[in-house]
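Here the structure comes first, spelled out in structure tokens, and everything after it is commentary.
The values are calculated or read from the model by the stated rules, or taken from the named source; none is laboratory data. The structure displayed is predicted, hence computed values, not measured ones. All Cβ positions, even for glycine, are placed from backbone atoms using ideal geometry, and neighbour counts span all protein chains on display. Note: areas computed on protein heavy atoms with side chains; ligands, DNA, RNA excluded. Shrake-Rupley method; radii C 1.70, N 1.55, O 1.52, S 1.80 Å.
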Amino acid sequence: RPLMSLLIRDATPADAEAIHAAIVAMGELLGTAHKIESTPEILASEGLAPGRAFEGLVAEVDGTFAGMCLYLPVFSTWLGKPSVYVQDLYVDERFRGMKIGEALIRRVARIGRARGASHLRLAVDLDNTRAQAFYERLGVAHYADDRIHAAYGEAFDRLSEGDER
């Protein structure tokens with residue numbers, strides 16, 4: 001490949017269309033696009049800026065959207081320290097193999113560290129072995145003592161409406 005110029009910058013609400021398209025592409029790769037309910041408008045209004053629900057980075061190669069990483073601050077009550085949680089990482093297939101995903105994760109880790117974070121966490125789809133191997137290569141290890149539990153849809157509705165006694 002000819003030498004290309006990589007730019008990683010903070011995402012803004014103006015990037016919501018491209019980021020949403022990346023989320024849909026990720027869902028299509030995983031066979032879960034039918035589960036995506038977000039819209040570009042929701043992404044722009046709820047996040048993509050400091051102090052909102054989440055922030056993001058956009059990677060551009062020669063001015064073309066090449067990938068993104070969405071993240072949010074979290075706090076470990078056990079460690080007593082802030083951390084950073086990577087919600088979504090995506091690199092367009094045309095730009096894979098250029099270490100863009102690695103550059104995005106490293107930038108998020110640096111942002112987290114600058115804000116006092118002691119670690120980075122993320123979840124990977126069970127069937128996404130390619131992503132699992134990628135994260136392992138970077139030292140983002142799978143911990144067998146953690147298991148994600150979630151309540152969505154009707155289960156969440158029942159949980160939120162139940163008696164607290």
Any residue in region 33-42 that is among the small types (Gly, Ala, Ser), free of Cβ contacts under 8 Å to residues at least 40 places away in the same chain and open to solvent by 40 Å² or more (accessible area, probe 1.4 Å)?
no
If you go through region 61-84 one residue at a time, do you hit one that is part of a loop (DSSP other than H, G, I, E, B), surrounded by 14 or more Cβ atoms within 10 Å (Cβ to Cβ) and in contact with a strand residue (DSSP E or B) (Cβ under 8 Å, 6 or more places away or on another chain)?
no
Under 23 Å from ALA150 (Cα atoms), in contact with a Gly (Cβ under 9 Å, 6 or more places away or on another chain) and of a type outside the set (Val, Ile, Thr): does that describe LEU79?
no
Check LEU48 against each of (1) touching a strand residue (DSSP E or B) at 6+ places or on another chain (Cβ under 9 Å); (2) open to solvent by 40 Å² or more (accessible area, probe 1.4 Å); (3) on the phi > 0 side of the Ramachandran plot and name the one condition it does not meet.
(2)
Test ARG107 against the stated conditions and say whether it is in contact (Cβ under 8 Å) with a residue 12 or more places away in the chain, touching a strand residue (DSSP E or B) at 6+ places or on another chain (Cβ under 7 Å) and part of a helix (DSSP H, G or I).
yes
Among ARG121, ARG130, which is the only one that is under 20 Å from GLU28 (Cα atoms) and charged (D, E, K, R)?
ARG130
Tally the residues that are hydrophobic (A, V, I, L, M, F, W, C) and touching a strand residue (DSSP E or B) at 6+ places or on another chain (Cβ under 9 Å), restricting the search to region 117-133.
5
State all residues of region 5-23 that are acidic (Asp, Glu) and open to solvent by 60 Å² or more (accessible area, probe 1.4 Å); if no residue qualifies, say none.
ASP10, GLU17
State all residues of region 115-158 that are under 24 Å from GLU102 (Cβ atoms), charged (D, E, K, R) and not in a loop (DSSP other than H, G, I, E, B); if no residue qualifies, say none.
ARG121, ARG130, GLU136, ARG137
The correct count of residues that are open to solvent by less than 40 Å² (accessible area, probe 1.4 Å) and part of a helix (DSSP H, G or I) in region 85-101 is 3
Quick one: in region 119-165, which of the residues that are in contact (Cβ under 8 Å) with a residue 60 or more places away in the chain and open to solvent by less than 70 Å² (accessible area, probe 1.4 Å) is farthest from the chain's Cα centre (by Cα)?
ASN128
Filter result for GLU37 (more than 24 Å from VAL84 (Cβ to Cβ) and either outside any helix (DSSP H, G or I) or in contact with a Gly (Cβ under 8 Å, 6 or more places away or on another chain) (or both)):
yes
